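**Q** This is the structure I want to talk about, given as structure tokens.
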């Protein structure tokens, strides 16, 4: 892929890039931006990505039009950010409506961000009717909680250049944003969430809209090839129903084959399996409402077709994968990550990071420090960094320990390791769906608030993927210190890896590690201390 030309003058704090295929909603977006940009130095670039444009777009004078290649949003955004010359490139989709203070809040969101922050994500609001939303409306409403979508995302131009921008092998408006985010995070950058907001009205949808959305299954094949089988976990993407869709499609194919072969009993059994699976999907989509005649009929019909479409697009993704991989994607820079870490606070996992992990430990006598943990914390205190511990303690939800026992172990840890400014733990189980249990960002956000710093000014040190993912979801930096239970794939994906907690502090404080620091791909787990527990 062609490398980006450096901007001629990076004097503007930000530019705005809006790719479009000429939807009528574009004028609504520009009308909302116009009064907010009065007196601002920012420029607005609209990338006209229509494949066949009989006439130029009719746009206001403050807009600069750039011709796109007509190959999808990834390619269009690359054209846009390379045409812009500001330090930050704020991408907006052409179907959002910026709030009246969007520009003001964008400036506040970007002000003073650490050099290691690659992007700031805005907040989407999807207005829904007071009555139960339809299946389509619920689908669009899912954008409110989606991670790293470019409907409103501002990227540091330097970060885009470092990782080669968007991967144009993602031709549709699907997964290209998650791919870019994962590449940035793996290279050591951070992505934070700002306070600016957009409204995203639910667009009209035809009868087969949900079936058409299944095209994204083809891009999921490429995501797995590029980012490994755990890519959904790292991208915060739902698992979906692909396995069930494949089984449903297989049952229908088997029904046809058995009928052609004259095997009536097999055909009947397989047909019943297909009908049952289709009915289960339809009920799951109908149950939330509204149960109008039109909605129920649409769900019944599309639920019979949807698994077939999903499976067909998955197969198409597999078929095209060799060609896409041979074409190659964005090149990483020789120096893939931002410079030195400069956090204002350090957040640490407890078990297997500070204390040897004793499952569901409620006994302070079993608190044993991890090797080097005391020295590492002493160095962090000497550097003037406030400390917090953030720990999942699902034993409370399981009834194996209580909150007082967790506190007793925490107090024992302080006696062994020295004072900690804040102790925060999540008492919930993994099935409860809380916002505090790692990999959710809740405890990172809470710790940052208690310590009086922004999340992006924090560094999280932990031993498993959930620690790193919680940091990334909150916009914080992270260092993984693997143990024998850390999965190899997670070590490979972590942005920074240190062999020990002391090596992590070396990296944090900028000291020469003298071989103790290892790259994410070469790190191996250190020996795990054993603790004998009396019967």
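**Q** Within segment 31-49, track down each residue that is exposed (fewer than 14 other Cβ atoms within 10 Å of the Cβ) and modelled with pLDDT under 95.
**A** Hits for segment 31-49 are 38, 39, 41.
**Q** What do you reckon, is residue 249 crowded, with 19+ Cβ neighbours inside 10 Å and in contact with a helix residue (DSSP H, G or I) (Cβ under 6 Å, 6 or more places away or on another chain)?
**A** Answer is yes for this residue.
**Q** Sticking with this structure for a sec: Go through segment 467-478 and count every residue that is in contact with a strand residue (DSSP E or B) (Cβ under 7 Å, 6 or more places away or on another chain) and either closer than 28 Å to residue 400 by Cβ or assigned to a loop (DSSP other than H, G, I, E, B) (or both).
**A** So the count comes out to 6.
Rundown of residues vs (1) assigned by TED's automatic domain parsing to the domain that holds residue 442; (2) closer than 19 Å to residue 368 by Cα; (3) surrounded by fewer than 18 Cβ atoms within 10 Å (Cβ to Cβ); (4) modelled with pLDDT of 95 or more, yes/no style:
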residue	(1), (2), (3), (4)
459	yes, no, no, yes
470	yes, no, no, yes
480	yes, no, no, yes
484	yes, yes, yes, no
509	yes, no, yes, no
528	no, yes, yes, no
532	no, yes, yes, no
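**Q** Is there a residue being more than 18 Å from the chain's Cα centre (by Cα) and surrounded by 22 or more Cβ atoms within 10 Å (Cβ to Cβ) anywhere in segment 58-67?
**A** Residues of segment 58-67 that are more than 18 Å from the chain's Cα centre (by Cα), as a first pass: 58-67.
Still in the running and surrounded by 22 or more Cβ atoms within 10 Å (Cβ to Cβ): none.
Checked against the condition, which is being more than 18 Å from the chain's Cα centre (by Cα) and surrounded by 22 or more Cβ atoms within 10 Å (Cβ to Cβ), segment 58-67 yields no hits at all.
**Q** Which of the residues spanning segment 345-357 are in a loop (DSSP other than H, G, I, E, B) and either closer than 18 Å to residue 499 by Cβ or at pLDDT below 95 (or both)?
**A** Within segment 345-357, 349, 352, 353, 354, 356, 357 qualify.
**Q** Okay, moving on. If we scan segment 242-253, do we find a residue that is under 30 Å from residue 489 (Cα atoms) and not in a helix (DSSP H, G or I)?
**A** Within segment 242-253, not a single residue is under 30 Å from residue 489 (Cα atoms) and not in a helix (DSSP H, G or I).
**Q** Here is a further query. Just one of (1) under 20 Å from residue 177 (Cα atoms); (2) touching a strand residue (DSSP E or B) at 6+ places or on another chain (Cβ under 7 Å) trips up residue 72, so point out which.
**A** (2)
**Q** Shifting gears a bit: For residues that are closer than 19 Å to residue 157 by Cα and in a loop (DSSP other than H, G, I, E, B), tally how many sit in segment 41-67.
**A** The initial filter retains those residues of segment 41-67 that are closer than 19 Å to residue 157 by Cα, namely 41-47, 64, 66.
Now drop any that are not in a loop (DSSP other than H, G, I, E, B), which leaves 41-43.
Number of matching residues: 3.
**Q** What is the residue count in segment 88-116 for residues that are over 24 Å from residue 49 (Cα atoms) and either modelled with pLDDT under 95 or in a loop (DSSP other than H, G, I, E, B) (or both)? Spell out the reasoning first.
**A** As a first pass, look at segment 88-116 and keep what is over 24 Å from residue 49 (Cα atoms): 99-116.
This time we only want the ones that are either modelled with pLDDT under 95 or in a loop (DSSP other than H, G, I, E, B) (or both), so: 99-101, 111-116.
Selection size over segment 88-116: 9.
**Q** Quick one: which residue in 323, 291, 331, 285 is under 31 Å from the mean Cα position of the chain (by Cα) and part of a loop (DSSP other than H, G, I, E, B)?
**A** Values: 323 fails: part of a loop (DSSP other than H, G, I, E, B); 291 fails: under 31 Å from the mean Cα position of the chain (by Cα); 285 fails: part of a loop (DSSP other than H, G, I, E, B).
On inspection, the qualifying residue turns out to be 331.
**Q** Check residue 407 against each of (1) out of contact with any helix residue (DSSP H, G or I) (no Cβ under 9 Å at 6 or more places or on another chain); (2) under 28 Å from residue 383 (Cα atoms); (3) without any contact (Cβ under 8 Å) to a residue 12 or more places away in the chain and name the one condition it does not meet.
**A** Failed condition: (3).
**Q** Out of 386, 441, 419, which single residue is under 23 Å from residue 494 (Cα atoms) and assigned by TED's automatic domain parsing to the domain that holds residue 501?
**A** Only one candidate passes the filter, namely 441.
**Q** Quick one: count up the residues across segment 157-207 that are at positive phi and within 17 Å of the chain's Cα centre (by Cα).
**A** Matching residues across segment 157-207 total 3.
**Q** Let me ask something additional. Based on what the data block shows, is residue 306 assigned to a strand (DSSP E or B) and at pLDDT 95 or above?
**A** So residue 306 fails the test.
**Q** Which one of these does residue 315 not meet: (1) in a helix (DSSP H, G or I); (2) touching a helix residue (DSSP H, G or I) at 6+ places or on another chain (Cβ under 7 Å)?
**A** (2)
**Q** In addition: Quick test of your reading of the structure: residue 289 fulfils all but one of (1) over 28 Å from residue 165 (Cβ atoms); (2) out of contact with any helix residue (DSSP H, G or I) (no Cβ under 9 Å at 6 or more places or on another chain); (3) modelled with pLDDT under 95. Name the failing condition by number.
**A** (2)
The values are calculated or read from the model by the stated rules, or taken from the named source; none is laboratory data. Predicted model, so just to flag it, every value in this text is computed and none were measured. All Cβ positions, even for glycine, are placed from backbone atoms using ideal geometry, and neighbour counts span all protein chains on display.
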